1. Amide H to amide H, which residues 5 or more places from Trp168 or on other chains are under 5 Å from it, using H placed in the peptide plane?
2. Multiply the residue separation of Phe72 and Tyr169 by 0.36 nm, subtract the distance between their alpha-carbon atoms, and state the gained length in nm to one decimal.
3. Tell me which chymotrypsin sites (Phe, Trp or Tyr not before Pro) from region 81-112 have a DSSP coil assignment and no more than 14 other beta carbons within 10 Å of their own.
4. Let me have the 222 nm mean residue ellipticity of the chain computed from DSSP H runs of 4+ only, each contributing -39500 (n - 2.57), with the sum over all residues rounded to the nearest 500.
5. Taking the Cα centre of region 2-231 as origin, sum charge times position over the Cβ atoms of Lys and Arg (+1) and Asp and Glu (-1), and report the length of that vector in debye to the nearest 20.
6. Measuring from label point to label point, each 7 Å out along Cα→Cβ, what is the Ala212 to Lys225 span in nm?
7. As an exercise, identify the chymotrypsin sites (Phe, Trp or Tyr not before Pro) in region 153-233 lying in DSSP coil whose Cβ has no more than 14 other Cβ atoms within 10 Å.
8. Rank Ser157, Gly28, Tyr93 by how far each Cα sits towards the positive end of the charge dipole of the chain (+1 on Lys, Arg Cβ; -1 on Asp, Glu Cβ) and give me just the farthest.
Amino acid sequence: MGYWCTNLLTIVSILLLFPVINGWGIDGHLTVCRIAQSRLSKAAADAVKQLLPEYAGNDLGSVCSWADKVRFRYQWSAPLHFINTPDVCNYKYTRDCEDDNGEKGKCVAGAINNYTTQLLTYNSGSSQADNNLTEALLFLSHFMGDIHQPLHVGFASDKGGNTIDVHWYRRKEVLHHIWDADIIETAEERLYNSNVDDLIDAVQKNITNDWADLIPRWETCSLNKTACPDMYV
Ligand SMILES: [Zn+2]
């Protein structure tokens, strides 16, 4: 089952793929960002609050799908949502992180590195004039979600599962969409009375209880870098 081995990438990072369609659906991105925001250091939380657009209040989750909404207006950003591997069950940044024209760094891991670097200039006064740090924050928080959607790091040949037809219960879907939305929405309906806040609470309880022993490993970067898109092992 080739596409299962695409479930290889994870990010171990600071705070804490495929073209055609969005990353996680709205609730997936909302969940990732709400949990991430709740785990920020005070300095990072203050910076996020300052950078969020006024309409978002202090809710990063509410704007975590912004990058999908601007995908057509910012056409250059389309390749930044995923990584194509050459139909092999492994990932190499130097081999795989490029767009269709072969431009290096144009993939979701490259985007995470880039926007993290930009955000680290916050308050330094150095490059704030050159970069829109609000957009950098919205891109980074979205791409952190995308890279954890297993089919956003997958085979070029099946467009990250977008050409694989499957059935989700009685509905015909493509495999990519099952991961984007159906798994999450069905879990919400069946386990959490269709309430995304309850789903978020349950995941947060897992993080603080059942998965607590794993967190140091998730937070360790073998490359000792602030942004660390890395293989999940
Ligand atoms: Zn996306």
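1. Those lying under 5 Å, H to H, from Trp168 are Glu173.
2. 31.7 nm
3. Values: sites: Phe82, Tyr91, Tyr93; in loops: Phe82, Tyr91.
Answer in residue order: no site qualifies.
4. -10500 deg cm²/dmol
5. Numbers: 19 positive and 29 negative charges, 66 e Å.
The dipole magnitude comes to about 320 debye.
6. Between Ala212 and Lys225, the label points sit 3.3 nm apart.
7. Tyr169, Trp211, Tyr232
8. Tyr93
The values are calculated or read from the model by the stated rules, or taken from the named source; none is laboratory data. Everything numeric here is computed off the predicted structure, so don't read it as measured data. Glycine also receives a Cβ, built like all others from the backbone with ideal geometry; neighbour counts cover every protein chain displayed. SASA here: full protein model, heavy atoms, side chains in, ligands and nucleic acids out. Shrake-Rupley method; radii C 1.70, N 1.55, O 1.52, S 1.80 Å.
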